[in-house]
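This report refers to the structure that appears directly beneath it.
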Amino acid sequence: MSLFKTRDWWSATVGEEEEFDHGCLCVANVDNDPSGHDKIIIGSFQGILRIYKPNPAGENPVEDVVVEQAFKQAILQVEVGRFSSASEVLKLAVLHPRKLAVYNVSAISGTVEHGSQYQFALLYEHNLQRTAFNFCYGCFGGVKGKDFICVQSMDGTVSIFEQESFAFSRFLPGALLPGPIKYMPRLDSFVTASCSWRVEAYKYQVLAVASETGGREETQNIKSGKKVVADWVYNIGEQALDLAYLEYTNVAPSVLVLGERSIFCIADNGTLRFAKKLEYDPCCFLPYGSLSENSVNYLVGTHTKSLMVYQDYTLKWVAKMEFVPVQVRVGNFQSLRGGIVGLSESGRLETMYLGTDPSVFSPPQVESRDLNYASMDAEMSRLMKHVKAKSANNVITPSLKTDEDLTLNVHVSPNLDDVTMASGLEIQGEDVPSTTLRIQMKSRLLLDTVRLEIHCPWPLACNQSQFTVSSLEPNSPTETFVAVFQRFPGLPSHMHVQISATYTSASGGRRVTSARANLPFKLVVKPVFPVKTAVHKLTIDTNRPPVSLNDIFPDLLGENASGQGAALGFQYFGGGPIVTMLASKTSQRYRLQSDRLESMWLPLRELVARLNNHFKKGSHSDFRVSFDGALPLQEYFELVDTHFDFRTGADKCKEMLAQRASQFRTIQKRLLTRFKDKTPAPLQNLDTLLEGTYRQILALADAVDENSMAEMVAGNNLSSGTYLLNFLLKLWVDMSEEESRVLETTLSPVVNASEEQGWEEAVDAAITHLLRTVMAKSAKDQAVNPSPLALPTDTSKVKKHIALFCDRVGKGARLVEGLKDKKEKTIKMPAPKTITESSEPGEPVDQVPVDQLLNQKYRKGKGKSKKNKELSSLGLPEMDKPYAGLLEGGLPPPPVNRLPPEDLESQRKIESMVPDLDSMGEDMAASPREDMSYDRGDMDHRHHNGESRSYGYRGNSNNNEGEDNDEDDDMRRMMEKGSSEIMYAL
């Protein structure tokens, strides 16, 4: 903050609701007054020109307006110079977007008390073919006693006007956006700041001779021209706001540039004199003189309403202004020489000077007294008691607003629809049921345009996902009915439907109200006969005698209704896996078994929920469910590996697609060059190579789409497996609700398909954080650095951290600080699934600690994941596998036989002529000047028996006359970069 302020000498408010910017202010003796007093010329974007003659003795600033003229176009810039060929007196030039006009302003002395009268007359004007941005003037070409005008357009074109006549127009090289421009008389050059953050200088003579008219008359409407070479270029590294040319007697000619964060002083030959880094945002500047040898003085206006006075790079004075200036000028007036004129964006015009009168504010005197510390302590104690009493009775923190403008009530029918409402099904041969949701919207106020959206988890869908209610009356509920069903074959990870309503509140802000509904389990499964054998088995224990499964699942009995209730079977719609549920007759246990691990998540959750409801309805309020079996970590890790394989496969597909797209563009350029050549040359099978590359691109695009779909299915299965593992951990160690929430956020079941941050790295970072904080055993564990959130090379690290996390949980570690550790629990690992070569001979499997077991496993086979796995690991049945037969690395194969039979022969001919890219690169490197010719007899077709197809070619040493060697080099380099993994759409 500055101690001093600028002193107001004269001020006025220009117009009403008018806008001004840099170039709208000019201070000069426009009427050629013999006294030499300057006038203030103002032009606004609304097209109004005003000329002021400041008189501080006047009572009304309106009386100081000597000329006021309205134009139809906006005024971009006003300047005063010798713009008339008839006389050397000063004239006024006004720049409009499509016109440049020069006016004569003259004063006629009055014979009565009204004083002088001013006349405003048009001398000449030029209509512009391009939209103007700014202009500069000077004695171009060394002319004496005259000023020519250079207008810069929005596209960077400069047009030279020699007063009443047009001279020429030229394009500046690399001009994208216009910038400030000035004329340097000593070198007869123009200096401008380009959009590439460089200051460039161009000779006037270079611009004048760079013509393609061939002696014809010059015109503004040019479309081409010779390339203009800059005299010198200096890179300032930031956008230039303004620049000025300095030509004083005691300082070398220089160019002063105002940047966004710096000020540069550059000599007129392009060398830097000095630079000043600014600690504020400048808005305008003005060099006004040189008071000492080899130094320049200038003013800088800032966005903090300050006016800085510099001498070179040294700050000399700071004064506070009343507004943010867009332009400042210095002028000599009747009783004030060297007055500073400032103009704001809104039209505040002020003539000021720098004074030394400080601010009138003075701080009040503080009453001095002796400090009584005993009384201060007593008062502090009394106030603290008062604060505690108020805190106990009142809620200091703001509470959430309970009365919402819109309330959503969702009711799910417990029974399925009598007539299914399913539509757009991709499940063949089955009757898919549906259930109806009744959504009620109730508002307290009148709401307009309420948008209702229903989000169903894959593979579920609804018959209509979006609704728009034009008007919602208060206390008049509106009901909407939606049918939910399973549209795609697959395993849902949860049965929650999210309903959200977006509306505009009474205060004008956008609000969102949401609700969640649970769908019935029988919506996705149907009763079938139990299956005796299965790959995966889970057993849960209870503290109450088992009950008949017929009483637990009365709505899912089907053909099992006549049974004893000891076994039930459920199958997912779409031919999904079968889950068998068994109840023990002698012990208090229940077993679930299936060929898919992730398919047991929803039946297990439904079983536990129905058991809790069954026993808590009676007098058994202490009913408890526990899990004492082996954690299915190895089976869960297979789901992690499958999902990770598809993620890496997506990157491989996109990389190959980018390579083929680059190859396709290069071939196009080569063909275009040959088609444009005046002497036709043989295509050398480039058209065949182009079509073959095009087919590769189509096949790779299909592979990317199929891999994305497979990755989504794998992520959905991983989500189900994560839900299952978290639920088993909760039952395993009897977690509290708070710990369960921490577990859900750490080992997250939400698997999103994101290219920037995937599930593996996010879970690894979350588990590592817990292992370093609340679950750390020693200071060594706390010193482990977290892994970066980047795609890992393999899944060994995240699997090792998950196993270590389960080991710590089993040993009694708590997930929330402040809770007492539980009793250590031995972790059991299933023998046929976990032990490969890790345990020692003769040692029982269940007695091997999990951390030791997995550490040995990873030391021997770190980073190994199952490759070439079909989608059977994703939890889909055989009829459900649209991507069976994946390529190596989890990539879906290209589609086969998509063309009609009549096109197969022509396609085989085209494919037989497309060479292998790696072989092509080697042969071309051996004979770089040989043209390529392809012989079908030399092609080697090895596409049967599951082998990939490879091609050979041979070179032809006959060079065609007129062949462009540079194009051959470009083609050869392109083919050398190609990959040998070529996929064809057969």
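Any read-out appearing in this document is the output of simple, stated calculations on the displayed coordinates, not a laboratory observation. Remember, predicted model here, so these are calculated numbers, not experimental data. Cβ: placed from backbone, ideal geometry, glycine included. Neighbour counts: every protein chain shown.
Here are some notes:
- When you filter the trypsin sites (Lys or Arg not before Pro) in the stretch 118-173 for DSSP loop state and at most 11 other Cβ atoms inside 10 Å of their Cβ, you are left with Lys144.
- Per-residue HN-Hα couplings for the stretch 166-177 [Karplus 6.51, -1.76, 1.60; θ = phi - 60°; Hz; x = Gly/Pro]: 8, 9, 6, 10, 9, 8, 8, x, x, 7, 10, 10
- In loop segments of the stretch 161-215 as defined by DSSP, the GluC sites (Glu not before Pro) with at most 10 further C-beta atoms inside 10 Å of their C-beta are Glu212.
- Were the residues from Arg741 through Thr478 laid out at 0.36 nm apart, the gain over their Cα-Cα distance would be 91.2 nm.
- Across the stretch 255-267, computed HN-Hα scalar couplings (Karplus, 6.51 cos²θ - 1.76 cosθ + 1.60, θ = phi - 60°) run 10, 9, 10, 9, x, 6, 9, 8, 10, 10, 10, 10, 5 Hz from first to last residue, x flagging Gly and Pro.
- Most positive-pole-ward Cα, Ile149, Ser165, Leu128, against dipole of the stretch 122-167 from beta carbon charges: Ile149
- Three-way shape call for the stretch 173-269 based on the alpha-carbon gyration tensor, with the a/c threshold at 1.5: oblate
- Dipole magnitude for the stretch 545-693: about 740 debye, using +1 per Lys or Arg Cβ and -1 per Asp or Glu Cβ, origin at the Cα centre.
- Extending 7 Å from Cα along the Cβ direction at Ser465 and again at Lys678 yields two label points whose distance is 6.0 nm.
- Placing a label point 7 Å from the Cα of Thr504 along the Cα-to-Cβ line, the residues of the stretch 442-480 whose backbone N sits under 15 Å from it are 446-451, 469-472.
- The stretch 46-117 shape via C-alpha gyration tensor axes, a/c threshold 1.5: oblate
- In a reduced charge model with +1 at each Lys and Arg Cβ and -1 at each Asp and Glu Cβ, the stretch 197-308 shows a dipole moment near 220 debye about its Cα centre.
- The stretch 458-484 residues near the modelled Glu404 label - backbone nitrogen below 20 Å, point 7 Å along Cα→Cβ: 465-482
- Fraction in percent of alpha-carbon pairs per bin - 5 Å, the stretch 536-674: 2, 8, 14, 15, 14, 9, 7, 5, 4, 4, 4, 4, 3, 3, 2, 2, 1, 0, 0
- Residues Asp595 and Gln757, FRET efficiency given R0 of 35 Å [Cβ-Cβ distance, rounded to 0.05]: 0.60
- Neighbour cut-off at most 10 other Cβ (10 Å), DSSP loop, trypsin sites (Lys or Arg not before Pro), the stretch 42-124: Lys72
- Compared with the direct C-alpha span, the chain from Ser35 to Thr304 gains 93.1 nm at full extension, assuming 0.36 nm per residue.
- Cα-Cα over 28 Å, subset of Lys182/Lys226; Lys91/Lys276; Lys91/Lys277; Lys5/Lys91; Lys226/Lys276; Lys39/Lys203: Lys91/Lys276; Lys91/Lys277; Lys5/Lys91; Lys226/Lys276; Lys39/Lys203
- Around Thr513: net Lys/Arg minus Asp/Glu count, Cβ-Cβ under 9 Å: -1
- Shown in residue order for the stretch 84-101 are the 3J(HN,Hα) couplings computed by the Karplus curve 6.51 cos²θ - 1.76 cosθ + 1.60 at θ = phi - 60°: 10, 7, 7, 8, 9, 7, 6, 10, 9, 10, 10, 9, 10, x, 10, 7, 10, 10 Hz (x for Gly and Pro).
- FRET efficiency estimate (nearest 0.05) - Cβ-Cβ, Thr420 to Ser391, R0 45 angstrom: 0.15
- Relative to one another, the C-alpha centroids of the stretch 273-296 and the stretch 686-735 are positioned 61 Å apart.
- Label point at Tyr288 placed 7 Å out along Cα→Cβ; residues across the stretch 39-74 whose backbone nitrogen lies under 11 Å: none
- Pairs of alpha carbons in the stretch 71-167 whose separation is greater than 16 Å (percent): 57 percent
- Electrostatic tally near Asp33: other residues with Cβ closer than 12 Å to its Cβ, Lys and Arg +1, Asp and Glu -1, net 0.
- Nonlocal amide H pairs with Lys811, under 5 Å, H built at 1.01 Å: Lys825
- Net charge of Cβ neighbours under 15 Å - reference Tyr723; Lys, Arg +1; Asp, Glu -1: 0
- Here the peptides 691-699, 14-22, 408-416, 283-291 are ranked by packing, the mean other Cβ count within 10 Å, and the order with the highest first is 691-699, 283-291, 14-22, 408-416.
- Amide hydrogen proximity for Val330: with H placed 1.01 Å from N in the peptide plane, the residues at 5 or more positions away or on another chain lying under 5 Å are Val341.
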